1. Which residues, taken from the range 67-110, are farther than 16 Å from ALA50 by Cα and among the β-branched types (Val, Ile, Thr)?
2. With respect to GLU91, is the statement that it is surrounded by fewer than 17 Cβ atoms within 10 Å (Cβ to Cβ), in contact with a Phe, Trp or Tyr (Cβ under 7 Å, 6 or more places away or on another chain), closer than 19 Å to ARG65 by Cβ and not aliphatic (A, V, I, L, M) true?
3. Within the range 32-61, work out how many residues are within 22 Å of ASN136 (Cα to Cα) and without any contact (Cβ under 8 Å) to a residue 24 or more places away in the chain.
4. Pairs needed: first member in the range 1-25, at negative phi; second member anywhere, in a loop (DSSP other than H, G, I, E, B) and surrounded by 15 or more Cβ atoms within 10 Å (Cβ to Cβ); C-beta distance under 6 Å; at least 6 residues apart or different chains.
5. So the check is Cβ under 9 Å with 6+ separation or different chains; which pairs have a first residue in the range 114-131 that's farther than 19 Å from GLU104 by Cβ and of a type in the set (S, T, N, Q) and a second one that's in a strand (DSSP E or B) and open to solvent by less than 30 Å² (accessible area, probe 1.4 Å)?
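The values are calculated or read from the model by the stated rules, or taken from the named source; none is laboratory data. Quick caveat, the model's predicted, so the values are computed rather than measured. Methodologically, a virtual Cβ is constructed for each residue, glycine included, from the backbone with ideal geometry; neighbour enumeration extends over all protein chains shown. Each accessible area value is taken on the protein alone, full model and side chains, heavy atoms only, with ligands, DNA and RNA left out. Shrake-Rupley method; radii C 1.70, N 1.55, O 1.52, S 1.80 Å.
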Amino acid sequence: MLQELKRDVINGKRALNDAITTALPLFHNKISEHKVAYLVNEYQGYQNDALDFYKRRTKDYPAYRIVDGQMKVMMTATGELAEIKHPLAKEPQLFISAPIAWVEESSHLGIDPTMVEMGELGKLPNGLFVCVTSRNAMQRIVDVVRQSLLSFIDEAEMAQPN
């Protein structure tokens, strides 16, 4: 099962969120709890910790999820992007807290720059907070998570009895 999963992840035949949900039960007693928690965070997103990033930069955040970008509002009726007056809108770097499924989808939108919802900020009556950033930044996050998952699959395979 792990070999098939690994092959699907390498070939891009399986979305990362699906691969993570398949892998987690297979990893039981084969990889550390810290690594399992990492995958759960990637699957669910880091929304509980996201706002702390802006308050305490000393906290340990995945550096690959910090991107150069701009906070905007995507108007739900039209899909247009609008400027917003918000303290975080002045930040030159934003922490991408979104679940890996959203990040992966963002990297495949076919637009550059691309955007991903900043769900930790809530919703507005007429729009969503989004981070507008390069498609490469989103792809870099996907690549790091993919490589981590593949590494954990290798580790779990080594832990299997012969």
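1. Listed by number, the residues that qualify are VAL73, THR76, THR78, ILE84.
2. Numbers: surrounded by fewer than 17 Cβ atoms within 10 Å (Cβ to Cβ): yes; in contact with a Phe, Trp or Tyr (Cβ under 7 Å, 6 or more places away or on another chain): yes; closer than 19 Å to ARG65 by Cβ: yes; not aliphatic (A, V, I, L, M): yes.
Yes, satisfied.
3. Here the count works out to 1.
4. ASP8/ARG14
5. Pairs found: ASN126/VAL73.
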